[in-house]
Amino acid sequence: MGARIEFVDVSLRFPRAARPAVDACSFCIEPGELIVLLGASGCGKTTLLKMINRLYEPSSGRILIDGVDSREYPLIELRQRIGYVIQQLGLFPHMTVAQNIGIVPRLLQWPRERIQARVDELLHLIQLPPEEFRHRFPDQLSGGQQQRVGLARALAADPGLLLMDEPFGAIDAITRSSLQEELLRLQQRLRKTIVFVSHDVEEALLLADRIMVMQAGKIVQFDTPFQIVTQPANAFVRDLLGTDDMVRHLGLLRVKSAMLNLDPTLIHPKEAPTISSEDTLRRALSLLLRSGAPRLTVLESDRPIGILTLERIRDLTSMGSGA
Amino acid sequence: MSYILAHTGLVLELMGQHLEMTLLTLGMAIGIAVPLGLFLHRIPVLAVPVMGLLGLLYTIPSLALIILLVPIFGLSRLAVVVAMVIYSQVILVRHVLVGLDSIKLTLLEAAAGMGMNAWQCWWWIQVPLSLPIVLAGVRLAAIVAVAVATVGAKFGAGGLGTLLFEGIAQAGRADKLWAGAIAVGSLALVLNTLLLGLEWAVKPGRWLWVPQPLRRLIWGGSPDKICSRS
C-alpha cells in the first residue's frame, strides 16, 4: 500500500549558502510508516520533505522511491502519485471544495463520474457531508475544515505516499488535537507512508511511528518516540523534548511505543487487564495503579499483541530524567 | 443635446468609429501586455527599467506622440491606434504584474507539488486569480483609450473627436462641442460600467456567468458544476 523511501547520502546546498540546508542524510522509511520530521525552523526539515516530490533537487546523493531513483520517474507523474498537504493556504480560493479535491484526478484525466464519486467518498471519509460541503468555497469553511479538505485533496488519487508540511501549524489547539486524532484514525485504515513536518514536540510524540530529529541540516536522531524520550542522542534532543516533564509525555506516548511485543499465542488475555495499543501510556499507568496488576495485555483490533509492565514505564521515566 | 437628436445617424457613426478604435487598441494592447507582463514577472530585474520606460512614454502628450508616429504609419487610423496601444501598456503591464504578484507563492507551490505542469498552473490558477486585477487595468486603459481616440480626428482617424474639432474650428457651433463631449463621456461611462460588471463577475466564486460549454472548454472535465453556490 504505502511507498518505501530511501535517502542515500543526500545533500542540498543552496547557492551562496554558508552551509548545506540538508547535509549528507541517509535513512529508510518503510511502507505504511508515519514519520515526523522534527526540528526548529531552518533546520532543513521542510527542504528535506520537498526533495521527495522534487520541488527541490538534491545537490548530491540519491533518493529512491520503491527502489527506483526518483529522477527516473517523469516529474509530473511522480508528483501526481504523491499526496501533498501544506498549511491551509494551499486550497485554491477560486475553486469549490469538490474542485479542489478533484484536482489530481482531473490531472490524471479520470472520467467525470469517477471523480464525482471519489470526491463524495473522500468527503464522507473526512466527515464533511457532501451535500452540504461540495459546493462551498474555501473561505466559507473553518480553519479545521479547510485543513481536512486539504488532506482529502492529497488523498484523492489514492497515493501511496503523503507529504505533510506543518499542516496543523496555523490552527487553534483544540481543533488541532481533533485533526491529529482524525489523522491517526485515517492512518489506521489507510496505512499510507506519511512524512510529516512539525516543530511541535507533542504533535510528533502523538503521531509518529518514528521521529526524525533534525538540526542544522543533519539528522540527530531517527527513532521511535519511546526511544527518543528514553534515550535522547544528545543534549540537543533532550532539551528539544523537554524530557524532564515525564508525566506530560506519558499522556502523549502511545502504549504501542512502549509495549513488549510477544507472540500472541503466549499471551493469556484473561490474566491481566487489557488496554488498546493506541491508548496513551498515562492511561496505562493509571490502569496499572488502579488494578494493582503486574502487567497489562495490549490489544490491537481486540487481538492481544504484547504486554506492558510497570517496570517498562518506570524505565521510561527514570531514563528520561537523565538519572 | 438637440444636435445629437437631429444628427443621430452621424453621431452614432462617429461613435462606432470611436468604439472600433478603442476596441482594436484594447485587443492589441492586451495581446502585447499579457505576454510582456508574464515575461517581466519571470525576470523581475527587468521589471523596473521596462516599467520606467513605459511610464516615460505615458508622459508624452498624445498629440506629440501621434505626430512622431505619423512618419512611420502615415496619416491614418493606424498611427492613432499605435499611440493608444503605447499609452495603455504602462497601465496594463502594471496590472498584470500586480495581479500575478498577488497570488500567494504557497498556492503555486501547492499546484506544482500536485503535479500541474506550467500550462495548467497558468490556466487553472494564475489566470483566474489574477483576472479581477487585470480587468481593473483593462477598464482604466479603456477610459484612457476613449480619451486619446478623440485626438485621432486630427489625423484622419474619424471618431467623436471630429465633432469636437469642428466645434472648435467653426464659430458659434458650441452645439457640436457639447454633442461631442456628451457622446465621448457616455461612451466612457458605458464601457466603464460594462467592464466593472465583468470584473465583479470574475471574482473568485462568482463564475455564475460562464456558460456551460465555455466552462467545459476552460476547465476541462470539471469534477462538479462549477458555479452553483449553495
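Assorted remarks:
- The requirement of being among the aliphatic types (A, V, I, L, M) and either modelled with pLDDT of 90 or more or over 22 Å from the mean Cα position of the chain (by Cα) (or both) is not satisfied by B:Ile60.
- Residue list for segment B:96-113, filter: within 11 Å of chain A (Cβ to nearest Cβ) and crowded, with 21+ Cβ neighbours inside 10 Å: B:Ala110, B:Ala111, B:Ala112, B:Gly113
- Taking segment B:1-92 as the region of interest, the helices (runs of 4 or more DSSP H) fully inside it that hold 2 or more residues being of a type in the set (D, E, K, R) are B:8-42.
- Residue match in segment B:114-123 (condition: in contact (Cβ under 8 Å) with a residue 12 or more places away in the chain, aromatic (Phe, Trp, Tyr) and more than 14 Å from every other protein chain (Cβ to nearest Cβ)): no
Conditions tested, residue by residue: (1) surrounded by 18 or more Cβ atoms within 10 Å (Cβ to Cβ); (2) in the same structural domain as A:Val104 (by TED's automatic domain parsing); (3) within 17 Å of the chain's Cα centre (by Cα).
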{"site": "A:His124", "(1), (2), (3)": "no, yes, no"}
{"site": "A:Pro129", "(1), (2), (3)": "no, yes, no"}
{"site": "A:Phe133", "(1), (2), (3)": "yes, yes, no"}
{"site": "A:Phe137", "(1), (2), (3)": "yes, yes, no"}
{"site": "A:Gln140", "(1), (2), (3)": "no, yes, no"}
{"site": "A:Ala152", "(1), (2), (3)": "yes, yes, yes"}
{"site": "A:Pro159", "(1), (2), (3)": "yes, yes, yes"}
{"site": "A:Ala173", "(1), (2), (3)": "no, yes, no"}
{"site": "A:Arg176", "(1), (2), (3)": "yes, yes, yes"}
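- Hits in segment B:119-160 (condition: assigned to a helix (DSSP H, G or I), at pLDDT below 85 and not hydrophobic (A, V, I, L, M, F, W, C)): B:Gly152, B:Lys154
- Of the criteria (1) outside any helix (DSSP H, G or I); (2) within 9 Å of chain B (Cβ to nearest Cβ), which one A:Asp158 fails: (2)
- Criterion: surrounded by fewer than 19 Cβ atoms within 10 Å (Cβ to Cβ) and within 29 Å of A:Ile65 (Cα to Cα) - qualifying residue of A:Arg191, A:Arg238, A:Arg248: A:Arg191
- Here B:Val82 does not fit the description of being in contact with a helix residue (DSSP H, G or I) (Cβ under 9 Å, 6 or more places away or on another chain) and buried (at least 20 other Cβ atoms within 10 Å of the Cβ).
- Top-ranked residue of segment A:63-96 - restricted to ones that are of a type in the set (Ser, Thr, Tyr) and in contact with a helix residue (DSSP H, G or I) (Cβ under 8 Å, 6 or more places away or on another chain), ranked as farthest from the other protein chains (Cβ to nearest Cβ): A:Ser70
- Hits in segment A:121-138 (condition: over 19 Å from B:Lys104 (Cα atoms) and either within 7 Å of chain B (Cβ to nearest Cβ) or not in a helix (DSSP H, G or I) (or both)): A:Ile126, A:Gln127, A:Leu128, A:Pro129, A:Arg134, A:His135, A:Arg136
- Search result, residues across segment A:23-62 that are in contact with a Lys or Arg (Cβ under 7 Å, 6 or more places away or on another chain), within 14 Å of chain B (Cβ to nearest Cβ) and in contact (Cβ under 8 Å) with a residue 60 or more places away in the chain: A:Asn53
- Per the listing A:Arg148, A:Arg118, the residue uniquely within 21 Å of A:Leu49 (Cα to Cα) and outside any loop (DSSP other than H, G, I, E, B) is A:Arg148.
- Selection within segment A:292-313 - in a helix (DSSP H, G or I) and over 27 Å from the mean Cα position of the chain (by Cα): A:Leu310, A:Glu311
- Single unsatisfied condition, A:Phe196 versus (1) of a type in the set (Phe, Trp, Tyr); (2) surrounded by fewer than 21 Cβ atoms within 10 Å (Cβ to Cβ); (3) touching a strand residue (DSSP E or B) at 6+ places or on another chain (Cβ under 6 Å): (2)
- Checked against (1) at pLDDT 90 or above; (2) away from chain B (no Cβ under 11 Å), A:Ile115 passes all but condition (2).
The values are calculated or read from the model by the stated rules, or taken from the named source; none is laboratory data. Remember, it's a predicted structure, so these values are computed and weren't measured experimentally. Note: ideal-geometry Cβ built from the backbone for every residue, glycine included; neighbour counts use all protein chains shown.
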